[in-house]
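Data block below; observations after.
The values are calculated or read from the model by the stated rules, or taken from the named source; none is laboratory data. Here the structure is a predicted model, which is why all the values come from computation and not from measurement. Cβ coordinates were reconstructed from backbone atoms using ideal geometry, including for glycine residues, and neighbour counts include every protein chain displayed.
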Amino acid sequence: MPSFNRSTSTILVIIFLSNTIYGLGAPFLPKLLAQKDIDQVWTGIIFAVYAVSQVCFSLICGKIVDRLGHKKVMVVGALTMAAAVAAFGIVSYLDSKWQINTLCIALRTFQGAASGFINTAAYSYAAQAYKDDVGEMIGVLETVASLGNTMGPFLGLLVYGRLGFAWTFLIFGLTMVPVGLLILCIATPAELAKQHDSLQCESTVANSEEDSENLSLPGNASFQETATEPLLIPADDKGEVALQKLTYGSIFCMTKVFFAAMTAVVACMYYCAFEPTLALRMDHYGLSHTFQGVIFSVMPFSDMLGTLSTSYLLPKWIEIRVTLITSSLLLGLSILLIGPVFEERNPGMMVIGIALSFFLTGPMCIPNISEMMHVVEHAFPTYDLEHANSLLSGIVNGCFGVGMAAGPLMGSSLYQIFGFRIMCNVTGGIAVFLALAYFFFCNGREAYISTYRNLVCNIELTAPARPPS
């Protein structure tokens, strides 16, 4: 379990604010654009350009964050986000379509770049500062991000109802400035890792002394020799691996890394496919603004519950591939059921369907970076793992951005041409296809067999001992 301190808490606050701002405009930005007579396709582009920018700058950040420093990159991202969000209120005063489209695309591009810098640097920071608790720390980051997405629509509607569109974005943009400057005061990942290691050493010193006494006994001499013998990599393998250069291309060409990354793409694609269409769909049904706020809050709240469940409740003996494959399959099947629910105009089932499907996006976004790190560490055992973690952070956040770009574009286009139900069917079909491909191309059968054996072993270990006959 990772320990929290001032540095970690500051990063969590900046993650919370940046994701609050991301979900800020979901309930009313599409309506403003519709009032300005902006075409639905352009609305999808405006939402998608944020993610395209995030993809590009996440990959750039993964290459430069170790050289420039995590603090500088996050501060630049926070101040850029503050300026872009505060300026977004100008849109409400414009009437020309090309001016609205140009300004929205430009500001969303800056917001996406800022998000890429903040999130990639934060993931890299967590991977380097908490090397033994990477999965748990990534889960905490994603939980806080989901909490920000949950509060964004609610807080946005609250401020929007009292102060209007322009003041809403101005207030939220200005809140990023002081928190962004606080990033300059946090410790470096190396300093935090050193503190974390020292705390672990202090907590285990008694056990270490006891183990040393046991090893010094005459009967354990052979074990002592074996335990102190270093694990060596064969000379040929070590030399061959050392000559290989780790790049985005060499990482992404690994089959297991590719499919683990695709789960993040599909989860975010589904998450964002509803953004340009759901508010309009609920307006079409005549649902109240309060109910719409509930729906937009249920989505990230369910994702947050899925994230927490994956990080802290999912047994460690379940193979990561099993989690990713199963979650993708269940997500696809649940999405296929949402379309008919909406067609029947059943608000209760609507909330349940959205809650279930968004709950499943958590297990698809949390374990994948741990799976990638395991694959890369196995393939490149002598490479600088800190730089490898930075590259993987760029890939993961880039994949989030790809899903965030494809989702609004696909959602708005399919909704406008074929309707809401076909949009759900296509998105669900993609998730099911990914699960099947992941199973067949990444030894899914072996992963499920291994998980089953682990389950049997755990049952046998926890079963009460039988009394002697």
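When the range 92-121 is filtered for residues that are in a loop (DSSP other than H, G, I, E, B) and farther than 16 Å from THR43 by Cβ, the ones remaining, listed by number, are ASP95, SER96.
Taken as a whole, the range 85-104 holds at least one residue that is touching a Gly at 6+ places or on another chain (Cβ under 7 Å) and either crowded, with 17+ Cβ neighbours inside 10 Å or not small (Gly, Ala, Ser) (or both). Out of all the residues in the range 73-87, is one or more without any contact (Cβ under 8 Å) to a residue 40 or more places away in the chain and not in a helix (DSSP H, G or I)? No; the residues of the range 73-87 include none that is without any contact (Cβ under 8 Å) to a residue 40 or more places away in the chain and not in a helix (DSSP H, G or I). Test TYR448 against the stated conditions and say whether it is within 17 Å of SER328 (Cα to Cα), part of a helix (DSSP H, G or I) and not aliphatic (A, V, I, L, M). Spelling it out, TYR448 is indeed within 17 Å of SER328 (Cα to Cα), part of a helix (DSSP H, G or I) and not aliphatic (A, V, I, L, M).
Under the condition of being within 24 Å of the chain's Cα centre (by Cα) and over 19 Å from PRO30 (Cβ atoms), the residues counted in the range 151-176 number 4. Checked against the criterion of being among the aliphatic types (A, V, I, L, M) and in contact with a Gly (Cβ under 8 Å, 6 or more places away or on another chain), the candidates ILE46, ILE14, ILE38 yield just one match: ILE14. Taking (1) under 22 Å from SER58 (Cβ atoms); (2) surrounded by 18 or more Cβ atoms within 10 Å (Cβ to Cβ) in turn, PHE165 satisfies each apart from (1).
Kindly establish whether LEU29 is closer than 26 Å to LEU155 by Cβ, out of contact with any strand residue (DSSP E or B) (no Cβ under 8 Å at 6 or more places or on another chain), of a type in the set (A, V, I, L, M) and modelled with pLDDT of 90 or more.
Values: closer than 26 Å to LEU155 by Cβ: yes; out of contact with any strand residue (DSSP E or B) (no Cβ under 8 Å at 6 or more places or on another chain): yes; of a type in the set (A, V, I, L, M): yes; modelled with pLDDT of 90 or more: no.
Criteria not met by LEU29.
If you go through the range 375-382 one residue at a time, do you hit one that is among the hydroxyl-bearing types (Ser, Thr, Tyr), out of contact with any strand residue (DSSP E or B) (no Cβ under 6 Å at 6 or more places or on another chain) and assigned to a helix (DSSP H, G or I)? No: the range 375-382 contains no residue that is among the hydroxyl-bearing types (Ser, Thr, Tyr), out of contact with any strand residue (DSSP E or B) (no Cβ under 6 Å at 6 or more places or on another chain) and assigned to a helix (DSSP H, G or I).
Looking across the range 415-429, the residues that are surrounded by fewer than 21 Cβ atoms within 10 Å (Cβ to Cβ) and in a helix (DSSP H, G or I) come down to GLN416, ILE417, PHE420, ARG421, ILE422, ASN425, VAL426, GLY429.
Among the residues of the range 54-69, those that are surrounded by fewer than 24 Cβ atoms within 10 Å (Cβ to Cβ) and in a helix (DSSP H, G or I) comprise VAL55, CYS56, LEU59, ILE60, LYS63, ILE64, ASP66, ARG67, LEU68.
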